[in-house]
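Participant: Below is a structure I'd like to ask you about.
The values are calculated or read from the model by the stated rules, or taken from the named source; none is laboratory data. This is a predicted model, so every value here is computed, not measured. Positions of Cβ are backbone-derived with ideal geometry, glycine not excepted, and every protein chain shown enters the neighbour counts. Keep in mind that these areas ignore ligands, DNA and RNA; they rest on the heavy atoms of the full protein, side chains included. Shrake-Rupley method; radii C 1.70, N 1.55, O 1.52, S 1.80 Å.
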Amino acid sequence: MVHPIMKVVAQQKQGIPSGVYSCCSANEFVLKAVLRRAQQFNVPALIEATANQVNQYGGYTGMNPQDFFDYVLSLANELDFPINDLIFGGDHLGPLPWTHLQNEEAMNNACELIRQFVAAGFTKIHIDTSMRLSEDNYSSGLSDELIASRGARLCKIAEEAFEQRLKHHPDSIPPVYIIGSEVPTPGGAIEEEEDVHITKPEDCIRTYNSFKQAFQDSGLDDAWNRVVGIVVQPGVEFSNMEVLEYNRKAASSLIEIGRALPLVFEGHSTDYQTRKCLRQMVEDGIAILKVGPALTFELREALFALEMIEKEMFANENVPKSEFRKTLDRVMLSNPNNWKSHYYGNEEDQRFARAFSLSDRARYYFNTKEVRDSIATLSANLESKNIPLSLLSQYMPCQFQKIKNKIISFTVENLIIDRVGDCLDDYLYACGISLSY
């Protein structure tokens, strides 16, 4: 059985602008939105976890790779989503969470990380060894040869893990690999004053050749044939309040090189790009589009909108209110570790950013008990009455139209999931799906 992303590569090399988007989130509402949209349009759902988010020590989600795999699988089963249409990916798999450790210890952790991802059933593996470790020379960048040799070491572990998996799951599809890392640290974003440099064609070729040689030197010729993509920076990024949009003219030299390579480009930080820009990226061979913060940004918008509806509906009733926005801000203030180094300015600037920043550091707090309880109260209140259509039109106009046209049924969860789906529609369009609304 051919991996779905290899089909995308084959179509791209035939001149067909085929693409796939990748959801980088562990949020239940977001994942359900991805699965529902994929089911609606009969396309695969690619869901990825990063090394910081999910690892053998739990990551910031508290899940190891098998936990995350089972969690997504349970959501798929709940929605009757066909399991064969699920693609699991591991993003930035390497020593990223352990750069403070001595080199060999960090790489040993990275080996165990990638082993667990492949053993669990993840089949899209982004190998990222671009970061300096504690014993590396911080006065200069890592050589391409060192990055590639470390990458080949991880790939060898992945291949061995797959051979072990085959013994218990003989129908498993061999993993495909992504190389390179022309992106900021996962979860980060540029600041307004920083420049984003489009990957130089010569750097792209050097990365490709270095990895090819390292794989061949390690006896990984078969695995090299399953290297489907290379991460590049095509000139897209976002900050707290600004978005740098794709400019295909500025990226033309890089795109020309991409057409000559036997793989496709993977674009990270594509969040908040316009539908037109995303389509152009796919047409230009940036066939794998990663998105994460924009999805939980839409989720946060949905919850803010529903709280406004709740306030109107229960203005004069003595029932416990969700106080969602206040609850979220209180929890973020009580534990600022996930946003303090990303939000700048005075207290008012930071207050605004906690609620409305495009980098959406609020996503790290959605799974806390206080926030979950607040969402539960919000949902219970709104489900206890019929939401007036006039309020829905005021605060969620797109969902109002879909309710009117009987595209979605009128439940709070459907409203939330469909609001996240508004963002996903741009990616589906970019990947060649004809939308009927």
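Participant: Note the listed values [x] 29; [y] 33; [z] 41, then indicate which one is percent of Cα pairs over 35 Å apart calculated from this particular structure.
Facilitator: Computing percent of Cα pairs over 35 Å apart and matching it to [x] 29; [y] 33; [z] 41 gives [x].
Participant: Further question on the same structure: Straight distance only, please: which lysines reach the Cα of residue 321 with their own Cα at less than 23 Å, same-chain residues fewer than 8 apart left out?
Facilitator: Hits, sequence-local ones excluded: 311, 369, 385.
Participant: OK, next. Binning at 5 Å from 0, report for region 178-324 what percent of all alpha-carbon pair distances ends up in each bin.
Facilitator: Over region 178-324, the share of Cα pairs per 5 Å bin runs 2, 9, 16, 17, 14, 11, 8, 7, 5, 4, 3, 2, 2, 1, 0 percent.
Participant: Now for a different question. As an exercise, identify the trypsin sites (Lys or Arg not before Pro) in region 142-175 lying in DSSP coil whose Cβ has no more than 14 other Cβ atoms within 10 Å.
Facilitator: Numbers: sites: 150, 153, 156, 165, 167; in loops: none.
Sparse-neighbourhood loop trypsin sites (Lys or Arg not before Pro): none present.
Participant: Another question, if that's okay. So which of 7/249; 32/124; 124/276 end up more than 31 Å apart by C-alpha? Before the final figure, lay out each step's value.
Facilitator: On the way: 7/249 27 Å; 32/124 20 Å; 124/276 26 Å.
None, as every Cα separation is 31 Å or less.
Participant: Using DSSP, restrict attention to beta bridges with both residues in the chain and report what percent are antiparallel, rounded to the nearest 5.
Facilitator: On the way: 2 of 32 bridges.
Roughly 5 percent of the DSSP beta bridges within the chain come out antiparallel.
Participant: Which length gain, in nm to one decimal place, applies between residue 221 and residue 102 when the Cα-Cα distance is subtracted from 0.36 nm times their residue separation? Could the numbers behind the result be given before it?
Facilitator: Working: separation 119, 0.36 × 119 = 42.84 nm, distance 3.00 nm.
Taking 0.36 nm per residue and subtracting the Cα distance, the gain is 39.8 nm.
Participant: Counting other Cβ atoms within 10 Å of each Cβ, which chymotrypsin sites (Phe, Trp or Tyr not before Pro) in region 4-87 have at most 14 and sit in a DSSP loop? Walk me through the numbers before you get to the answer.
Facilitator: Numbers: sites: 21, 29, 41, 57, 60, 68, 69, 71; in loops: 57.
Hits after loop and neighbour filter: 57.
Participant: Karplus couplings for region 71-85 from phi (6.51 cos²θ - 1.76 cosθ + 1.60, θ = phi - 60°), rounded to Hz, Gly and Pro as x?
Facilitator: 4, 5, 4, 5, 5, 4, 5, 4, 9, 6, 7, x, 4, 5, 9
Participant: Need one number: nm distance between label points at residue 351 and residue 169, each 7 Å from Cα along Cα→Cβ, rounded to one decimal.
Facilitator: Placing both labels 7 Å beyond Cα along the Cβ direction yields 4.9 nm.
Participant: Provide the FRET efficiency to the nearest 0.05 for the residue 80-residue 139 pair, computing r from the beta carbons and using R0 = 60 Å.
Facilitator: 0.60
Participant: Turning to a different aspect of this structure: Restricting to region 176-319, what percent of DSSP beta bridges are antiparallel, rounded to 5? Before the final figure, lay out each step's value.
Facilitator: Values: 2 of 12 bridges.
DSSP beta bridges in region 176-319 are roughly 15 percent antiparallel.
Participant: OK, next. Using a 1.4 Å probe, what is the accessible area per residue for the chain, in Å²? Each step should come with its number before you reach the end.
Facilitator: Numbers: 18920 Å² over 437 residues.
Here the per-residue accessible area is 43 Å².
Participant: Follow-up. Provide the per-residue ³J(HN,Hα) series for region 331-346, in order, calculated from phi with Karplus coefficients 6.51, -1.76, 1.60 and θ = phi - 60°, each as a whole number of Hz, with x at glycine and proline positions.
Facilitator: Taking θ as phi minus 60°, the curve returns 5, 5, 5, 6, 9, x, 4, 8, 9, 4, 7, 10, 10, 10, x, 7 Hz for region 331-346.
Participant: Running Debye on region 84-191 with equal point scatterers at the Cα sites and no solvent, what base-10 log of I(q)/I(0) appears at q = 0.11, 0.22 Å⁻¹?
Facilitator: For region 84-191 at q = 0.11, 0.22 Å⁻¹, log10 I(q)/I(0) is -0.36, -1.18.
Participant: Another question about this same structure. How much of the accessible area of region 29-180, probe 1.4 Å, is carbon plus sulfur, in whole percent? Numbers along the way, then the final one.
Facilitator: On the way: 2830 of 5980 Å².
Here carbon and sulfur together make up 47 percent of the probe-accessible area.
Participant: Is region 1-138 rounded, prolate or oblate when judged by the Cα gyration tensor, a ≥ b ≥ c being the square roots of its eigenvalues, rounded requiring a/c under 1.5 and prolate requiring a/b larger than b/c? Don't jump to the answer; show the numbers that get you there.
Facilitator: Numbers: a/c = 2.53, a/b = 1.52, b/c = 1.66.
It comes out oblate by the Cα gyration axes.
Participant: Also, quick follow-up: Per residue of region 60-66, in order, report the coupling 6.51 cos²θ - 1.76 cosθ + 1.60 (Karplus, θ = phi - 60°) as ³J(HN,Hα) in whole Hz, putting x for Gly and Pro.
Facilitator: So the J values, rounded to whole Hz, are 7, 8, x, 10, 8, x, 5.
Participant: Can you give me the distance in nm between label points at residue 253 and residue 330, each placed 7 Å from the Cα along the Cα-to-Cβ direction?
Facilitator: 5.5
Participant: To test your reading of the geometry: what angle, between 0 and 90 degrees and rounded to tens, separates the Cα axis of helix 347-356 from the longest principal axis of the chain?
Facilitator: Its long axis makes an angle of about 80 degrees.
Participant: What is the gain in length, in nm to one decimal, between residue 241 and residue 146 on full extension, counting 0.36 nm per residue of separation less the C-alpha to C-alpha distance? Before the final figure, lay out the partial values.
Facilitator: Details: separation 95, 0.36 × 95 = 34.20 nm, distance 3.64 nm.
Contour length minus the Cα-Cα distance gives 30.6 nm.
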